[in-house]
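*Asks:* I'd like to ask you about the structure that follows.
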Amino acid sequence: MPIIRIPGMIDPHTHLRDLDWAHKATFQSETSAAIAGGYTAVFDMPNTAPSTTSATLLEEKLARIDQAAHCDWGLYFGASQADNTGEYEDIAARVCGLKIYNNATTGDLLISSRAMRERHYRAWKTNRLIAVHAEGETIINILDLVRKYRQPTHFLHISSQREINLLAAAKNEGLPVSIGVCPHHLFLSEDDLPSLGGFGLMKPELKTKNDQRALWRAIRQDVVDIIESDHAPHTLAEKQSESPAYGVPGVETTLPLMMQAVKDGRLPLQRACDMLSLNVQRAWRIKPFPKTYTIVDTDASFIIERQNLHSQCGWSPFEGARVCGRVREVWIRGHKVYDGERVLSRPGFGHNLFGLAA
Ligand code: NCD
Ligand code: ZN
Ligand code: ZN
């Protein structure tokens with residue numbers, strides 16, 4: 001059964017950059033890379049330059065990505081320290097969700113006070129979900145807010161045994177939470193840091209083998225909902241500098257890494273596909289467009305090499321890894337957008353999956 005068809009693959013956690021960070025990546029380059037990686041849609045984070053924290057800045061970003069995207073997309077709005085909750089009513093219908101940064105990472109959107117986090121939870125009254133960067137014990141604080149406000153919340157890039165245990169308990173309690181895990185935390189650990197150098201630096205940081213085992217166990221036990229790449233391109237020079245930027249690219253390596261894991265017997269094929277498509281659609285309450293799917297040859301094995309990647313950054317922390325699962329075709333809304341070698345859609349072909357009617 002080598003050829004499979006995955007309907008509506010979506011990566012809900014990408015940093016497409018562009019705007020003042022076009023030297024790192026652009027909407028064109030990264031949506032093209034996403035298609036080559038098998039995705040039909042990607043959701044872009046608000047920690048751009050400038051960050052997406054006002055209706056005006058959102059408007060500018062919407063206009064730009066609408067002209068540029070090769071695949072379908074969604075944009076997050078960013079909660080800001082300077083209290084931008086007054087903008088929420090105006091922007092909610094056009095975004096895929098609200099992003100709250102609760103621990104330090106790339107960009108300047110950190111919300112470190114509990115009172116301010118609560119202000120944002122209280123003000124976000126739409127049914128679009130809240131996505132949180134919350135590491136370690138910060139998760140407890142966010143869960144208190146989910147318990148109080150009952151706002152569906154997606155916990156991004158969960159990376160440790162402690163975090164997974166906290167969230168498994170929250171699910172048992174019936175809280176409306178979903179859990180995302182990234183390939184770099186599944187396939188790399190702190191043991192790889194010496195050989196990876198700057199390429200092994202991202203937030204949350206690489207953890208122990210024990211943490212990694214806990215993530216795989218949680219996948220097998222259906223606790224993890226979504227595999228997200230946290231595609232965060234930085235230039236080679238930025239990653240090889242004295243103080244490398246945090247973040248690694250991932251839209252082109254996520255599917256083949258997961259297909260390799262299926263081949264190695266680490267999880268069932270259907271489970272892998274669901275975490276890349278159906279579970280994202282469910283968490284964000286969207287239906288995939290008809291005739292929107294990815295054809296994958298799960299038997300085709302290859303080695304990840306930088307010269308074969310489409311992302312503008314031109315490197316991967318997984319270079320040299322043997323994986324399987326070649327993307328043969330990608331179709332979006334009845335149009336063939338990838339033929340296994342070339343991206344066929346034009347810039348601007350992509351639709352906003354949120355607020356089409358607006
Ligand atoms: C991300 C980035 O570079 O924008 N970096 C990262 O290390 N993951 C930000 C983030 O997801 O926290
Ligand atoms: Zn993050
Ligand atoms: Zn991220």
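The values are calculated or read from the model by the stated rules, or taken from the named source; none is laboratory data. What you see is a predicted model; the values in this text were computed from it and never measured. When we count neighbours, we look across all protein chains shown, and the Cβ atoms used for this are built from the backbone with ideal geometry, even at glycine. For accessibility, only protein heavy atoms count, side chains too; no ligands or nucleic acids. Shrake-Rupley method; radii C 1.70, N 1.55, O 1.52, S 1.80 Å.
*Asks:* Based on what the data block shows, is I164 crowded, with 21+ Cβ neighbours inside 10 Å, at pLDDT 95 or above and part of a helix (DSSP H, G or I)? Spell out the reasoning first.
*Replies:* Details: crowded, with 21+ Cβ neighbours inside 10 Å: yes; at pLDDT 95 or above: yes; part of a helix (DSSP H, G or I): yes.
Considered against the rule, which asks whether it is crowded, with 21+ Cβ neighbours inside 10 Å, at pLDDT 95 or above and part of a helix (DSSP H, G or I), I164 comes out as yes.
*Asks:* Tell me which residues, restricted to region 263-281, are open to solvent by 10 Å² or more (accessible area, probe 1.4 Å), in a helix (DSSP H, G or I) and touching a residue at least 40 places away in the same chain (Cβ under 8 Å).
*Replies:* If the condition is that a residue be open to solvent by 10 Å² or more (accessible area, probe 1.4 Å), in a helix (DSSP H, G or I) and touching a residue at least 40 places away in the same chain (Cβ under 8 Å), then K263, L269, R271, C273, L278, N279, Q281 are the ones that fit.
*Asks:* Give region 125-152 a look and list any residue that's open to solvent by less than 50 Å² (accessible area, probe 1.4 Å) and away from ligand 1 (no atom under 16 Å from the Cβ), or say none.
*Replies:* Correct list: T126, L129, N141, L143, L145, V146, Q151, P152.
*Asks:* Check off (1) surrounded by fewer than 21 Cβ atoms within 10 Å (Cβ to Cβ); (2) touching a Ser or Thr at 6+ places or on another chain (Cβ under 6 Å) for K61 and give me the number that stays unchecked.
*Replies:* Exception for K61: condition (1).
*Asks:* Something else now. On the given criteria, is T56 more than 16 Å from ligand 2 (Cβ to nearest atom), free of Cβ contacts under 8 Å to residues at least 60 places away in the same chain and assigned to a helix (DSSP H, G or I)?
*Replies:* The answer is yes for T56.
*Asks:* OK, next. Restricting attention to region 311-341, which residues are in a loop (DSSP other than H, G, I, E, B), closer than 30 Å to M202 by Cβ and not aromatic (F, W, Y)?
*Replies:* Of everything in region 311-341, those that are in a loop (DSSP other than H, G, I, E, B), closer than 30 Å to M202 by Cβ and not aromatic (F, W, Y) turn out to be S311, Q312, C313, G314, S316, P317, E319, G320, A321, G340, E341.
*Asks:* Anything in region 216-239 that is more than 15 Å from the chain's Cα centre (by Cα) and more than 16 Å from ligand 1 (Cβ to nearest atom)? List them, or say none.
*Replies:* Let us first name the residues in region 216-239 that are more than 15 Å from the chain's Cα centre (by Cα), namely 216-223, 234-239.
Once the filter is applied, which keeps residues that are more than 15 Å from the chain's Cα centre (by Cα) and more than 16 Å from ligand 1 (Cβ to nearest atom), region 216-239 yields W216, R217, A218, I219, R220, Q221, D222, V223.
*Asks:* Follow-up question, since we're still on this one. Do you know which of the residues in region 19-46 that are within 22 Å of E59 (Cβ to Cβ) and open to solvent by 10 Å² or more (accessible area, probe 1.4 Å) is farthest from ligand 1 (Cβ to nearest atom)?
*Replies:* Q28
*Asks:* Sticking with this structure for a sec: Tell me, which residue of region 232-246 that is open to solvent by 30 Å² or more (accessible area, probe 1.4 Å) and of a type in the set (D, E, K, R) is nearest to ligand 3 (Cβ to nearest atom)?
*Replies:* Ranking the qualifying residues of region 232-246, first place goes to E238.
*Asks:* Which ranges mark the helices (runs of 4 or more DSSP H) fully within region 169-231 that have 3 or more residues being open to solvent by 20 Å² or more (accessible area, probe 1.4 Å)?
*Replies:* Counting at least 3 such residues, we get 193-196, 209-220.
*Asks:* Out of P249, P256, I need the residue that is within 16 Å of ligand 2 (Cβ to nearest atom) and surrounded by 18 or more Cβ atoms within 10 Å (Cβ to Cβ). Which one?
*Replies:* P249
*Asks:* So, in region 285-304, of the ones that are surrounded by 13 or more Cβ atoms within 10 Å (Cβ to Cβ) and of a type in the set (A, V, I, L, M, F, W, C), which residue ends up nearest to K263 (Cα to Cα)?
*Replies:* A300
*Asks:* Go through (1) within 12 Å of ligand 1 (Cβ to nearest atom); (2) open to solvent by 10 Å² or more (accessible area, probe 1.4 Å); (3) hydroxyl-bearing (S, T, Y) for S159 and report which single condition fails.
*Replies:* The failed condition is (2).
*Asks:* What residue, of A25, A49, is among the small types (G, A, S), touching a Cys at 6+ places or on another chain (Cβ under 9 Å) and part of a loop (DSSP other than H, G, I, E, B)?
*Replies:* A25
*Asks:* Can you pull out the residues in region 277-302 that are of a type in the set (A, V, I, L, M) and over 17 Å from A33 (Cα atoms)? Outline the logic, then answer.
*Replies:* The first filter runs over region 277-302 and keeps only residues of a type in the set (A, V, I, L, M), leaving 278, 280, 283, 286, 295-296, 300.
Once the filter is applied, which keeps residues that are of a type in the set (A, V, I, L, M) and over 17 Å from A33 (Cα atoms), region 277-302 yields L278, V280, A283, I286, A300.
*Asks:* Pick from region 203-224 the residues that are touching an Asp or Glu at 6+ places or on another chain (Cβ under 9 Å) and touching a residue at least 60 places away in the same chain (Cβ under 8 Å): which of them is nearest to ligand 2 (Cβ to nearest atom)?
*Replies:* So, considering only residues that are touching an Asp or Glu at 6+ places or on another chain (Cβ under 9 Å) and touching a residue at least 60 places away in the same chain (Cβ under 8 Å), the one nearest to ligand 2 (Cβ to nearest atom) is K203.
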